[in-house]
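A.B. asks: Dropping a structure here in structure tokens format, bear with me for questions.
The values are calculated or read from the model by the stated rules, or taken from the named source; none is laboratory data. This is a predicted model, so every value here is computed, not measured. Heads up, the Cβs are rebuilt from the backbone with ideal geometry, glycines too, and the neighbour counts pull from every protein chain shown.
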Amino acid sequence: MRVFLSVEELKRVLKLIDKTVGTVEKTNRIVGFKYENGFLNLYGSDGCLILKAKVSEMNPTTLSFSVPLDILKFFVFELSGNISIYSDGNYVVLKAKDENLKLKTERFSFKNFEERYEELINVPINTFVNDLDFVSSHLEEGSYVDFYFGNKVRMVAENGSIINYVVRDKKSKEYSWRIPYYSARHLIKALSEIKSGELIVGEGLNKLVLSSDYLFNVCGEELDHLDLVPLENEIEKSEEFLRVSLKSIRRFLRRAMISGRYSRLKIFGNEKGLYFYAFSENMEYRGHIDISSKYIFQTTTNAYFLRSALNRIGSETLLFFKGEKYLIISTMQKRRFILLPLL
């Protein structure tokens, strides 16, 4: 294998791979090299999310291998111009001006990557990223993000007592897919590096496929569309009863975290105003907004997670809805929703 390419292009792709693989699992911090259809392609994966990036034309070869991402990043960091890459299968040598790096290769481990897919939707990258960032903002390890395609596109994620929900008017065939939280966050970081352009979301054979200038596969499992019916009925039948500025409650949410990230927050509303209570075994905090609520209600949630979701909801004006089982917070556009259980 021998190929010449731009250092800047290599840096750009390595940065994307870095965002894709994450920092938690060190064994995932490798870069795969493989020739395919006239091009050198680089791969990176967090164990579920896989990135494939086309970087340069090259002559055919049967060689494929992996090398450590962090060593490669460090070597190219201060370089400019062009770089040559040569490998005999056992070692790979990178040469740039008066420097070279020789690395022992590892096994190429990026198997079963899917390039064929049936297109579901085409959406601006920044819209997809912002929606995914909101819907996953309150999640932790072990949580999931659910995608539903059909007469509309929906994203749903639940953690603890908070459900985040996004709906967009994009039609496609009916399809659903669940992905793990950590891959959702890595996907947000990787797509944020691309920044502009369109993103095609498609159904692969066993993966969710996302295509822009680069190609992504995401593992997961199919869901039943009927699982979404109770949630959508709750939103549809809810009644708006209050409007409040995000600015007016942001301070109380921040202050409610006085005992740490896992502070419990009770929100209570009546004709005298909105009340915010944070409490632990040895502490109680209280805040108040002088705004009348048509309904008496109360809900309890995690202050940090609610603050994270509200900071990404995309509006300074919040609409409060009363459902049968949930207090629902949305915006004037009614595209993003936060559901909190009523007590």
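A.B. asks: Tell me which strands (runs of 3 or more DSSP E) are completely within the stretch 25-69 and hold 3 or more residues being of a type outside the set (D, E, K, R), in contact with a helix residue (DSSP H, G or I) (Cβ under 9 Å, 6 or more places away or on another chain) and not assigned by TED's automatic domain parsing to the domain that holds residue 85, or say none if there are none. First the steps, then the outcome.
C.D. replies: Numbers: elements: 30-36, 39-45, 49-57, 64-68.
Filter on the stretch 25-69 gives an empty set.
A.B. asks: Among the residues that make up the stretch 241-262, is at least one of them over 30 Å from residue 53 (Cβ atoms), part of a strand (DSSP E or B), in contact with a Lys or Arg (Cβ under 9 Å, 6 or more places away or on another chain) and modelled with pLDDT of 95 or more? I'd like the intermediate steps shown before the answer.
C.D. replies: Of the stretch 241-262, the ones over 30 Å from residue 53 (Cβ atoms) are 241-262.
Those left that are additionally part of a strand (DSSP E or B): 241-245.
Subsequent filtering for residues that are in contact with a Lys or Arg (Cβ under 9 Å, 6 or more places away or on another chain) retains 241-242.
Of the ones still in play, those that are also modelled with pLDDT of 95 or more are 241-242.
Yes, the conditions are met somewhere in the stretch 241-262.
A.B. asks: Separate question: If you check residue 271 against the conditions, is it assigned by TED's automatic domain parsing to the domain that holds residue 332, of a type in the set (Asp, Glu) and within 14 Å of residue 256 (Cβ to Cβ)?
C.D. replies: no
A.B. asks: Among the residues of the stretch 219-240, what is the count of those that are crowded, with 17+ Cβ neighbours inside 10 Å and either hydroxyl-bearing (Ser, Thr, Tyr) or part of a helix (DSSP H, G or I) (or both)?
C.D. replies: Applying the first criterion (crowded, with 17+ Cβ neighbours inside 10 Å) to the stretch 219-240 yields 219-220, 223, 228, 231, 234-235, 238.
Adding the requirement that they be either hydroxyl-bearing (Ser, Thr, Tyr) or part of a helix (DSSP H, G or I) (or both) leaves 228, 231, 234-235, 238.
Residues meeting the conditions: 5.
Quick grid of which residues meet (1) acidic (Asp, Glu); (2) touching a helix residue (DSSP H, G or I) at 6+ places or on another chain (Cβ under 9 Å):
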{"site": "160", "(1), (2)": "no, yes"}
{"site": "166", "(1), (2)": "no, yes"}
{"site": "169", "(1), (2)": "yes, no"}
{"site": "190", "(1), (2)": "no, yes"}
{"site": "196", "(1), (2)": "no, yes"}
{"site": "199", "(1), (2)": "no, yes"}
{"site": "204", "(1), (2)": "no, no"}
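A.B. asks: Residue 295 versus (1) in contact (Cβ under 8 Å) with a residue 12 or more places away in the chain; (2) not in a loop (DSSP other than H, G, I, E, B): which is the lone unmet condition?
C.D. replies: (2)
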